[in-house]
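Everything below concerns the one structure shown next.
Only the coordinates and a few stated rules stand behind these numbers; no lab work does. Keep in mind it's a predicted model, so treat the numbers as computed, not measured. Heads up, the Cβs are rebuilt from the backbone with ideal geometry, glycines too, and the neighbour counts pull from every protein chain shown.
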Amino acid sequence: MAITLDLAQRADTTNSVPASVVPTMVAAPEKPTLVGLDRAGLAEAMAGIGIPERQRKMRAQQLWHWLYVRGASDFGQMTNIAKDLRATLDEHFSIARPEIVSEQISVDGTRKWLFRFPPRGAGRPVEIETVYIPEEGRGTLCVSSQVGCTLTCTFCHTGTQKMVRNLTSEEILSQVLLARDRLGDFPDAATPQGAIVPSEGRLVTNVVMMGMGEPLYNFDNVKQALLIASDGEGLSLSKRRITLSTSGVVPEIARTGDEIGCMLAISLHAVRDDLRDVLVPINKKWPIKDLLDACRRYPGLSNAKRITFEYVMLKGVNDSDADARELVRLLAGIPAKINLIPFNPWPGSEYECSDWERIEHFADIVNRAGYASPIRTPRGRDIFAACGQLKSASERMRKKDRDALEGAA
């Protein structure tokens, strides 16, 4: 049985509470946040509150350490900064986390959080989902880059939701910080201030930009967040453990390699343009040939830095032997791994998952051609946390709550 927790009322993860969570409004932030700023941004913020120029670099480094090594979410925790300066920082800035509306824990250990961010400008509060997938020897955090999605991929439930806005670098990075908070992945108060949690002891070891939204339609914010996440003096995630997944925004692929330097994943899902036009409509703008040409030119591409091609298995649609052989032909010369993803069903979808025997036979053809083609084990299906399902269950939950409130009025 999956567990759903209302974390606005309960902080522990030991008891089950009703799945329905009544929505509440979040007040607009009165102060700008320091979370999501790089060192230069922190120094500029210090200049804005009158910190002398000779101190700015040092103060920025102190803040960087507390935000991204210690995981501080309150200026009061910054014990090596004078009390009067902490008070000034608290007067002008925020480092608070967004609200955790709910946490769901799958029977397989997968966790899904529903986060609520306060309004930006004249906007409204927004909610996004983030998923943590524990595995033997690693823990992968699936991070969202947008509220909603513009791509309307027909097999993906997330794509049925309207695009609201891009997430800021703070909001992207806050998903990592909050996950580490909940999992106890930051040094505790008793740990010496210079300590960094060793990589072998971490629960969040990998980050994948595979949540809600198309990361390359929010390039600048995604870039800033990932560069902070991979900084060796902060969150210190290896760039080889950060993967950005795109449906094929061709002009931004080279920039991803040059400016971010992370691993690349391509949501391919079809080997013919006519089919991919339907499954992944962005293909009409950048067809398969253009996409694969960009992949061949990806900076740093090698056998040690392969591109992952994601391929959802749809019964009778893209799962034939001919499809497998064409996939091998298309990827010739590209150092690649093919992730075969059993389709995760959702209410109203017109697709079905390929039979397991068919998926295994498809994988055999690809394997014999020399490509690794692991079959991704579905995780978190019972809490709608699997690939292509994000936010859908929560949207239905929120609508149910709104209907109940309106009925009681």
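Brief remarks follow.
- Exposure proxy ranking, count of Cβ atoms within 10 Å, fewest first, for Asp74, Asp231: Asp74, Asp231
- Anisotropy class of the range 39-92 from Cα gyration tensor, a/c 1.5 cut: oblate
- Cα gyration tensor, the range 255-367 - rounded (a/c under 1.5), prolate or oblate: prolate
- Percent of Cα pairs exceeding the 28 Å cut-off, where the set is the range 99-403: 37 percent
- When the alpha carbon gyration tensor of the range 182-318 is reduced to an equivalent ellipsoid, the three semi-axes, largest first, read 33, 16, 13 Å.
- Under 12 Å, Cβ to Cβ, from Arg120 - net charge with Lys/Arg +1 and Asp/Glu -1: 0
- According to the Cα-based calculation, Rg over Rh for the range 65-127 is 1.11, with Rh computed by the Kirkwood formula.
- Label-point separation, Ser302 to Gln55 (7 Å along Cα→Cβ), nm: 4.6 nm
- By the count of neighbouring beta-carbon atoms within 10 Å, fewest first, Leu227, Leu42 end up ordered Leu227, Leu42.
- Amide hydrogen neighbours beyond the local backbone of Val126, cut-off 5 Å, H modeled: Phe117
- Note: relative contact order over the range 99-403, using C-alpha pairs below 8 Å and six or more positions apart, is 16 percent.
- For the set Lys239/Lys305; Lys239/Lys284; Lys239/Lys337; Lys57/Lys83, the pairs lying more than 22 angstrom apart at their alpha carbons are Lys239/Lys284.
- In terms of surrounding Cβ atoms within a 10 Å radius of their Cβ, Lys315, Lys284 rank from fewest to most as Lys284, Lys315.
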